[in-house]
Structure formats: C-alpha cells, structure tokens
1. Residue under question is ALA49, and the condition is that it be in contact (Cβ under 8 Å) with a residue 24 or more places away in the chain and either within 14 Å of PHE157 (Cβ to Cβ) or crowded, with 20+ Cβ neighbours inside 10 Å (or both); does it hold?
2. Would a scan of segment 117-130 turn up a residue that is closer than 20 Å to ILE192 by Cα, part of a loop (DSSP other than H, G, I, E, B) and more than 18 Å from the chain's Cα centre (by Cα)?
3. Report yes if some residue within segment 168-175 is hydrophobic (A, V, I, L, M, F, W, C), modelled with pLDDT under 95 and within 16 Å of ligand 1 (Cβ to nearest atom); otherwise report no.
4. Where residues in segment 178-235 are assigned to a helix (DSSP H, G or I) and of a type in the set (Ser, Thr, Tyr), which of them is farthest from the chain's Cα centre (by Cα)?
5. Give ASP66, ASP29, ASP40 a once-over and let me know the one that is without any contact (Cβ under 8 Å) to a residue 40 or more places away in the chain and under 20 Å from ALA159 (Cβ atoms).
6. Look at segment 110-123 and say how many of its residues are closer than 18 Å to HIS149 by Cβ and touching a strand residue (DSSP E or B) at 6+ places or on another chain (Cβ under 6 Å).
7. Here are ASP35, ASP66, ASP76: which of them is more than 24 Å from GLY198 (Cα to Cα) and surrounded by fewer than 18 Cβ atoms within 10 Å (Cβ to Cβ)?
8. Please count how many residues of segment 138-156 are over 16 Å from the mean Cα position of the chain (by Cα) and touching a residue at least 60 places away in the same chain (Cβ under 8 Å).
Amino acid sequence: MRVSVIIPALNEAESIGFVVGEMPWSLIDECIVVDNGSTDDTAAIAIAAGARVITAPRGYGAACMDGASAALQTSDVLVFLDGDGADIAAHIPDLLAPIARGEMDLVLGTRLGPRPATLKREKGSMLASQIFAGWFVGTLLRLRFPRKHRYTDMCAFRAIRRTALNSLGMKERTYGWNLEMQIRALQKGLRITEIPVGYRARYGGISKVSGDFRASLKAAQRILEVLLRVTAEKV
Ligand SMILES: Nc1nc2c(ncn2[C@@H]2O[C@H](COP(=O)(O)OP(=O)(O)OP(=O)(O)O)[C@@H](O)[C@H]2O)c(=O)[nH]1
Ligand SMILES: [Mg+2]
C-alpha cells in the first residue's frame with residue numbers, strides 16, 4: 001500500500017519542520033506540504049525537513065484538494081494532517097491499519113471519542129466551542145443517517161483511500177472541507193471508522209481559526225452552511 005501525507009500550511013514556519021520531522025518515513029511514500037501564500041519561511045523549512053512543497057490558492061479545502069491532486073499517481077491512500085504540530089504523526093500507522101486490512105475506506109482520528117486512559121488531549125488544545133461543534137455535528141448527522149457511522153469529531157487528521165476520495169466529488173475550498181468529506185462519505189456508503197488520537201496545543205506560530213474570534217465565527221458559519229447544503233443534496 002502506497003501512502004501520501006498531505007499537510008495544508010499557512011505561515012507555519014515555527015512548527016512545520018517539527019511536523020515533517022515526525023513523519024514515519026518507512027511507512028509513507030511522500031509528504032506534501034501545501035503552502036498557500038505563506039509570507040514566512042514555511043516552504044523552505046518544509047523542503048529542508050524532507051517534504052515536497054506545492055502551492056495552492058488560499059483556503060484550507062483548496063490546499064487539501066490540490067494536495068490530493070498532486071499526490072504520486074501510485075499512492076493508494078492519502079493522509080491529511082495539520083501543519084501546526086497539534087496532530088500526532090505517531091498515530092499514522094493506527095489510521096492506516098484498517099485500510100491496509102481492506103476493512104475501511106475512511107479512518108478519522110477522534111480527539112473526543114472513547115479512548116484508553118493513557119491517551120491524552122493536551123490541556124487547552126481544544127476550545128469548548130470545538131468540542132461542542134464535534135458533538136453537535138455528530139448528533140445531527142446521526143439523526144439524518146441513523147444507521148450509519150456516528151461521528152464524534154471533525155478532526156482534520158484522517159486517512160482515506162484515494163479512489164474513495166475521488167468518488168465523493170468534493171467541492172468545498174474552505175474550512176468546510178473536513179465536514180463535507182464526512183457527510184459525503186455517509187451518503188456514498190463508505191466504510192468509516194474513528195480511531196482515538198492524542199492532541200496537542202499548536203507547536204508555535206499563530207492560530208488561523210480557533211484562536212481568532214472572527215475567523216472562528218466565519219469557520220462556524222461555513223461549517224453550518226456545508227452541513228445544511230450537503231446534507232440536503234440528493235445523491
Ligand atoms: N494551505 C492553507 N492552510 C491553511 C489555511 N488556513 C489555515 N491553514 C492551515 O490549516 C491548519 C489548521 O489551522 P490552525 O490555525 O491550526 O487552526 P486551528 O487548529 O483551529 O487553530 P489552533 O487552535 O491554533 O490549532 C494549519 O496547518 C494551518 O497552517 C489556508 O488558507 N491555506
Ligand atoms: Mg490547529
């Protein structure tokens with residue numbers, strides 16, 4: 001099984017070297033950092049750490065989508081994680097295992113679902129609003145798709161079979177990308193599971209979303225829009 005890791009990054013010079021450095025290189029075929037308009041040294045630091053860097057137009061979903069298109073033709077599985085050091089790359093093998101066994105198409109990290117006591121979420125790494133959003137979205141989607149997988153989170157850290165991603169017809173180019181993937185995966189009947197993951201406060205640099213009130217409101221509005229629009233679509 002061949003694996004491409006895709007990391008959207010906007011002005012993450014403080015953390016990107018650490019994130020790329022954590023990659024389990026023996027398991028993956030490449031690590032792509034998608035830089036869209038960083039004004040700092042994100043790209044140079046990512047290259048020095050061993051990543052391939054591409055550029056994309058602004059927007060979290062645009063970065064993920066363009067990273068997926070740029071992945072090696074030979075890659076069967078795409079792994080997405082953030083460039084701020086909050087996601088723990090040591091979990092990549094856990095995310096890949098159910099896909100490698102042929103049991104799942106989409107495996108999401110969950111920071112909120114049931115977990116062993118040893119697996120920690122660093123204090124302050126998630127706002128109460130993010131925890132609520134995970135619960136709220138999981139509950140609404142459960143009502144809409146009662147017999148399907150129940151999500152506990154909208155964690156960006158996830159692995160998906162490439163053919164499965166291509167079948168979803170993803171459109172969202174902003175922060176709604178993660179949720180759009182989750183809804184479309186239910187609609188298309190993908191085999192979905194969640195794996196408990198630890199989570200850290202960002203390694204350095206500045207938050208683009210949760211730490212910025214206006215950006216949080218915009219992201220929340222976008223997520224709500226995606227929830228209503230994509231859920232209502234006929235498939
Ligand atoms: N390529 C790209 N990446 C982005 C964009 N906005 C944010 N990112 C990246 O997306 C990831 C998530 O953004 P964060 O700023 O960590 O958002 P957050 O996780 O809500 O906030 P923190 O609590 O600070 O971690 C990071 O790797 C960012 O660099 C964007 O417009 N384009
Ligand atoms: Mg973050």
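The values are calculated or read from the model by the stated rules, or taken from the named source; none is laboratory data. Computed from a predicted model, the values in this text were never measured in an experiment. Virtual Cβ from ideal backbone geometry, glycine too; neighbours counted across all protein chains shown.
1. No.
2. Our first condition is that a residue be closer than 20 Å to ILE192 by Cα; within segment 117-130, this holds for none.
No, segment 117-130 contains no residue that is closer than 20 Å to ILE192 by Cα, part of a loop (DSSP other than H, G, I, E, B) and more than 18 Å from the chain's Cα centre (by Cα).
3. no
4. Restricting to residues being assigned to a helix (DSSP H, G or I) and of a type in the set (Ser, Thr, Tyr), the top hit is THR231.
5. Among ASP66, ASP29, ASP40, only ASP66 is without any contact (Cβ under 8 Å) to a residue 40 or more places away in the chain and under 20 Å from ALA159 (Cβ atoms).
6. Final tally of qualifying residues: 4.
7. Going through ASP35, ASP66, ASP76 in turn, just one is more than 24 Å from GLY198 (Cα to Cα) and surrounded by fewer than 18 Cβ atoms within 10 Å (Cβ to Cβ): ASP76.
8. Number of matching residues: 3.
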